Amino acid sequence: MPFESDLELRHRPGHTRWEVIRPLVYRTSDGRQVVVPVGYLSDLASVPHVARRIVDPQTPQARRPSVVHDHIYTHLSHRFSKVEADRIFYDALREEGMATPLAWLMWKAVRIGGRGTWSA
């Protein structure tokens, strides 16, 4: 199984983001390890308000993939391209049991609107 740990979060009062309180470990399909460290802040799934009728940002199948994706976008752009980061997100959504059409929709959204620390 690609996720090698559970996701443990703490909500920070006054913040819209969640704090990782135990390292989250994910192994990509090509064997690279992604470790989201304790203290990392994530907003989980960033879903525009207009799309929330289709995609619940709090759906359990999206939590771990969203945190890994956020971490790659903000701290690991030197190790992964945007295409790779978004593919990892899709693969992780499917591995968590999300239906293919919904995983594809979320993948398409990050392909179009996702912004990381890659240079333009």
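Scanning the stretch 96-104 turns up one or more residues that are surrounded by fewer than 16 Cβ atoms within 10 Å (Cβ to Cβ), without any contact (Cβ under 8 Å) to a residue 60 or more places away in the chain and not in a helix (DSSP H, G or I). The selection criterion, being farther than 13 Å from residue 45 by Cα and at pLDDT below 90, does not hold for residue 87. Cβ separations smaller than 6 Å between residues 6+ apart or across chains give the following pairs from the stretch 79-93 residues that are without any contact (Cβ under 8 Å) to a residue 40 or more places away in the chain to residues that are among the basic types (Lys, Arg) and in a helix (DSSP H, G or I): 86/111.
In a residue-by-residue description of the stretch 37-55, the property of being closer than 19 Å to residue 110 by Cα, part of a helix (DSSP H, G or I), of a type outside the set (Lys, Arg) and free of Cβ contacts under 8 Å to residues at least 12 places away in the same chain applies to at least one position. Restricting the stretch 105-120 to residues that are in contact with a Phe, Trp or Tyr (Cβ under 8 Å, 6 or more places away or on another chain) and touching a residue at least 40 places away in the same chain (Cβ under 8 Å) leaves a set whose member that is surrounded by the fewest Cβ atoms within 10 Å (Cβ to Cβ) is 115.
The values are calculated or read from the model by the stated rules, or taken from the named source; none is laboratory data. What you see is a predicted model; the values in this text were computed from it and never measured. All Cβ positions, glycine included, derive from the backbone under ideal geometry; neighbour counts span all protein chains shown.
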